[in-house]
């Protein structure tokens, strides 16, 4: 994308925002009609065009006069929730207070203002709109639809106007505001536009009052999700899921003897058996460990935004929600190289894990292989690994075969158009959320 396109779109966006804060929809239509009629030749005071033109100007002028002496000395306090779910309308209260005796609440309106709707040039240049490859060459070159999509994504939802009417309290008015989040992650407000409308509802006059606020939007959680049965675990006397781990040190239960190989400790040689067989034999020890599950979310991709990655996060959140209902949350949540230990299945632990998924971003600076050592270590101590990826390629299939060889159960969830692997097919589930 060329930088001049970015500058044009930025300037146009700011101009449109100024117009939106000066005119209502009806006011814009009336103003455009009056402006257009000038070019039809208003050369007589008796023509119908002149009558329409004069009436339009009169209405706009009357609206402007009604707003001339309005005061905008207001302050407000909003009470935002900590987190909400994508696609669910969130309602929250706002208290509006007047800062002077001249300020009044008649025909007063409130609208949230996004904190940073305009993307940087680097993001605009690097981030493709979903389905952009299907657009014609001109649209791809100009990047207008990409720009519009990025603006909507940064805003996070539709910003509506709300009349300041409600219950009086603490020298102000308490009223409700609603917002529909259309993406996951953090949505930030920079302040609010507080304004009056004219007597005919054509013009607006107001002021942006700075007051930052934000809340976290969790990935979309689907209604139902069947948890696959774990593989590779057993049950102890307390019916807790456990698995045996091989240990080379003493102090654990002796399970078997095997031939001595270079690298084994001589302290573990079973001399009596070695004397009988004529070959060195060494002892193998095992310990029984709590074999909880692990959720791994792959975020090693180059794109700034990926629809498949959003599907992966939604699927992972849906699985976590189902596991929490059964009070069986995983012990560890991986998002690429980042790890989050989950101490129990409480709502607090669940919310903390979902917050990590809500804020997940791509890790373009590192490769998938950089996480394998930590992932394999977790696989050795887990009964089951739930592996979520939007890039089901050969490197990931190879790593999954290694995990399967460690004795833990694996369940693979992948999005996109990747082909199944014959050796892993019984573990695979394709994410096909619409």
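The values are calculated or read from the model by the stated rules, or taken from the named source; none is laboratory data. Small disclaimer: the values here were computed from a predicted structure and weren't measured. With ideal geometry, Cβ positions are generated from the backbone for all residues, glycine too; neighbour counts draw on all protein chains shown.
Of the set (1) surrounded by 14 or more Cβ atoms within 10 Å (Cβ to Cβ); (2) farther than 29 Å from residue 10 by Cα, all apply to residue 112 but (2).
Yes/no per residue for (1) modelled with pLDDT under 90; (2) under 16 Å from residue 182 (Cβ atoms); (3) not assigned by TED's automatic domain parsing to the domain that holds residue 207:
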| position | (1), (2), (3) |
| --- | --- |
| 132 | yes, no, no |
| 146 | no, no, no |
| 150 | no, yes, no |
| 155 | no, yes, no |
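Taking the criterion of being free of Cβ contacts under 8 Å to residues at least 60 places away in the same chain and under 22 Å from residue 380 (Cβ atoms), the residues of region 400-425 that qualify are 400, 401, 402, 403, 404, 405, 406, 412, 423, 424. The residues listed here are 76, 69; of these, the one that is out of contact with any helix residue (DSSP H, G or I) (no Cβ under 8 Å at 6 or more places or on another chain), under 30 Å from residue 209 (Cβ atoms) and modelled with pLDDT of 90 or more is 76. Can you pull out the residues in region 398-432 that are over 23 Å from residue 292 (Cα atoms) and in contact with a helix residue (DSSP H, G or I) (Cβ under 7 Å, 6 or more places away or on another chain)? If the condition is that a residue be over 23 Å from residue 292 (Cα atoms) and in contact with a helix residue (DSSP H, G or I) (Cβ under 7 Å, 6 or more places away or on another chain), then 415, 416, 421, 423, 431 are the ones that fit.
Going by the structure shown, is residue 312 surrounded by 19 or more Cβ atoms within 10 Å (Cβ to Cβ) and part of a strand (DSSP E or B)?
Considered against the rule, which asks whether it is surrounded by 19 or more Cβ atoms within 10 Å (Cβ to Cβ) and part of a strand (DSSP E or B), residue 312 comes out as no.
Among the candidates 382, 395, single out the residue that is over 30 Å from residue 82 (Cβ atoms) and surrounded by 23 or more Cβ atoms within 10 Å (Cβ to Cβ). Explain how you work it out, then say what you get.
Numbers: 395 fails: surrounded by 23 or more Cβ atoms within 10 Å (Cβ to Cβ).
On inspection, the qualifying residue turns out to be 382.
In this structure, residue 340 does satisfy being at pLDDT 90 or above, surrounded by fewer than 17 Cβ atoms within 10 Å (Cβ to Cβ) and part of a strand (DSSP E or B). Considering only residues in region 402-420 that are at pLDDT 90 or above and in contact with a strand residue (DSSP E or B) (Cβ under 9 Å, 6 or more places away or on another chain), the one that is surrounded by the fewest Cβ atoms within 10 Å (Cβ to Cβ) turns out to be 411.
Working only within region 128-157, note down all residues that are without any contact (Cβ under 8 Å) to a residue 24 or more places away in the chain and surrounded by 12 or more Cβ atoms within 10 Å (Cβ to Cβ). Spell out how you get there, then give the answer.
Of region 128-157, the ones without any contact (Cβ under 8 Å) to a residue 24 or more places away in the chain are 129, 131-141, 145, 148-149.
Matches in region 128-157: 129, 132, 135, 139, 140, 141, 145, 148, 149.
Any idea which residue in region 421-432 is nearest to residue 222 (Cα to Cα), counting only those that are within 26 Å of the chain's Cα centre (by Cα) and surrounded by 13 or more Cβ atoms within 10 Å (Cβ to Cβ)? Restricting to residues being within 26 Å of the chain's Cα centre (by Cα) and surrounded by 13 or more Cβ atoms within 10 Å (Cβ to Cβ), the top hit is 431.
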